[in-house]
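What follows is calculated from the coordinates using simple rules that are stated; it is not laboratory data. Remember, it's a predicted structure, so these values are computed and weren't measured experimentally. Backbone-built Cβ (ideal geometry, glycine too); neighbour counts: all protein chains shown.
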Amino acid sequence: MTGQKIDGIAVSTAVKDRVKAAVKELQNSNVTPCLATVLVGDDPASATYVKNKQKACADVGITTKDHKLPASFSQKEMNSLIDLLNKDDTVHGILVQLPLPNQLDEFTTTSRISPIKDVDGLTPYNIGLLTSGRAILKPCTPSGIMEMFDYYKISLEGKNVVVINRSNLVGKPLYNLMLEKNATVTTCHSRTKNLKEHCLAADIIITAIGNRAKFVLTEDMIREGAIIIDVGTARLEGKLVGDVDYDNVIKKASYVTPVPGGVGPMTIAMLLKNTVTAASISREFVKHD
Ligand code: GUN
């Protein structure tokens, strides 16, 4: 069996088309969605991610406010900046690019963002809604993966899913989203025993390690017809690669996402979708005289 490539460009284009239409509708009622991006330090990968997000915003008519801060930016300064952005009625979404330098605490920072501007879905309020199955703003990578399943009409009902990641951005929200769809979800991580056995029992494997020296998902680790979602990104001999040995795995799997052109474009598309959603709900909170 040779599997099918899941085309993240095609799925993200479909999402972006819907976002474009929603932006036009908001503009008709004099609201231009605006995303504030916050980047601390000069990590080149993070800078590229933020640039790509800003460009994607411009492509669909979302404006951006760019906040580039020095690597020495303090927690106090970060708190003040987030307070300002929370109060600014022209800003609908706030994205603080992660990871942050050591002096900045990730939880202190993300939890200060107003939940209605939390386009990453990382505030305690939005995480609480997510675990209750009621979230409106959901973390972008996990909701992008769910969108891919929808597009390809892949049902999660009763499926055994293995997620190799337990982060707040990927593994934990995925657990909740897939549980809502009646999957049986196993979260694996660095202390998991017998990872290969878990993988061999899985109908769907979602891997997000991003370190080829530590982990590669090879064809002997999957069962015939499995669905493989690759969230990993790493550089190998100058090339962008994922966690999956794609050329060999696709010969045994039913579906595989490539890197690049798989989950990456979905993360950005869902950020645009969340920003438009945040702009729509902001209207309910605007004070009327
Ligand atoms: N760093 C890597 N992925 C993400 C993401 O989805 N959101 C933020 N804020 N930072 C990230």
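Here are some notes:
- Qualifying residue in region 260-277 (condition: closer than 30 Å to Val31 by Cβ, touching a residue at least 40 places away in the same chain (Cβ under 8 Å), surrounded by fewer than 18 Cβ atoms within 10 Å (Cβ to Cβ) and under 22 Å from the mean Cα position of the chain (by Cα)): no
- Of all residues in region 11-37, those being among the hydrophobic types (A, V, I, L, M, F, W, C) and under 17 Å from Thr267 (Cα atoms) number 6.
Let's see how each residue does on (1) part of a helix (DSSP H, G or I); (2) touching a helix residue (DSSP H, G or I) at 6+ places or on another chain (Cβ under 7 Å); (3) more than 16 Å from the ligand (Cβ to nearest atom); (4) among the aromatic types (Phe, Trp, Tyr):
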| position | (1), (2), (3), (4) |
| --- | --- |
| Asp247 | yes, no, yes, no |
| Pro258 | no, yes, yes, no |
| Gly261 | no, yes, yes, no |
| Gly264 | yes, yes, no, no |
| Ala269 | yes, yes, no, no |
| Leu272 | yes, yes, no, no |
| Thr277 | yes, no, no, no |
| Ile281 | yes, yes, yes, no |
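- Residue match in region 139-153 (condition: assigned to a loop (DSSP other than H, G, I, E, B), buried (at least 20 other Cβ atoms within 10 Å of the Cβ) and within 16 Å of the ligand (Cβ to nearest atom)): yes
- Boolean, Ile94 is over 28 Å from Asp230 (Cα atoms), crowded, with 23+ Cβ neighbours inside 10 Å and within 16 Å of the ligand (Cβ to nearest atom): no
- Selection of region 1-26 for residues being farther than 16 Å from Tyr152 by Cα and surrounded by 13 or more Cβ atoms within 10 Å (Cβ to Cβ) yields Lys16, Arg18, Val19, Lys20, Ala22, Val23, Leu26.
- Residue within region 7-23 that is hydroxyl-bearing (Ser, Thr, Tyr) and farther than 16 Å from Lys273 by Cβ present: no
- Residues located in region 186-214, provided they are hydroxyl-bearing (Ser, Thr, Tyr) and under 22 Å from the mean Cα position of the chain (by Cα): Thr186, Thr187, Ser190, Thr207
- Residue count for region 14-42, restricted to those that are free of Cβ contacts under 8 Å to residues at least 12 places away in the same chain and under 21 Å from the mean Cα position of the chain (by Cα): 1.
- In region 77-131, the residues that are more than 24 Å from Lys273 (Cβ to Cβ) and among the hydroxyl-bearing types (Ser, Thr, Tyr): Ser80, Thr108
- Any hit, region 58-76, residues being buried (at least 21 other Cβ atoms within 10 Å of the Cβ), within 23 Å of Pro142 (Cβ to Cβ), in contact with a helix residue (DSSP H, G or I) (Cβ under 9 Å, 6 or more places away or on another chain) and not polar (S, T, N, Q): yes
- Residue in region 100-111 that is polar (S, T, N, Q), within 16 Å of the ligand (Cβ to nearest atom) and either touching a residue at least 40 places away in the same chain (Cβ under 8 Å) or over 27 Å from Val50 (Cβ atoms) (or both) present: no
- The residues of region 185-206 that are touching a helix residue (DSSP H, G or I) at 6+ places or on another chain (Cβ under 9 Å) and outside any helix (DSSP H, G or I), listed by number, are Val185, Thr186, Thr187, Cys188, His189, Thr192, Ile204, Ile205, Ile206.
- Number of positions in region 31-49 that are buried (at least 19 other Cβ atoms within 10 Å of the Cβ), within 13 Å of the ligand (Cβ to nearest atom) and of a type outside the set (Ser, Thr, Tyr): 5
- Looking only at region 116-126, residues that are assigned to a helix (DSSP H, G or I) and within 14 Å of the ligand (Cβ to nearest atom) come to 2 in all.
- Thr123 falls short on exactly one of the conditions (1) in contact with a strand residue (DSSP E or B) (Cβ under 6 Å, 6 or more places away or on another chain); (2) farther than 20 Å from Ile6 by Cα; (3) surrounded by fewer than 22 Cβ atoms within 10 Å (Cβ to Cβ), and that condition is (1).
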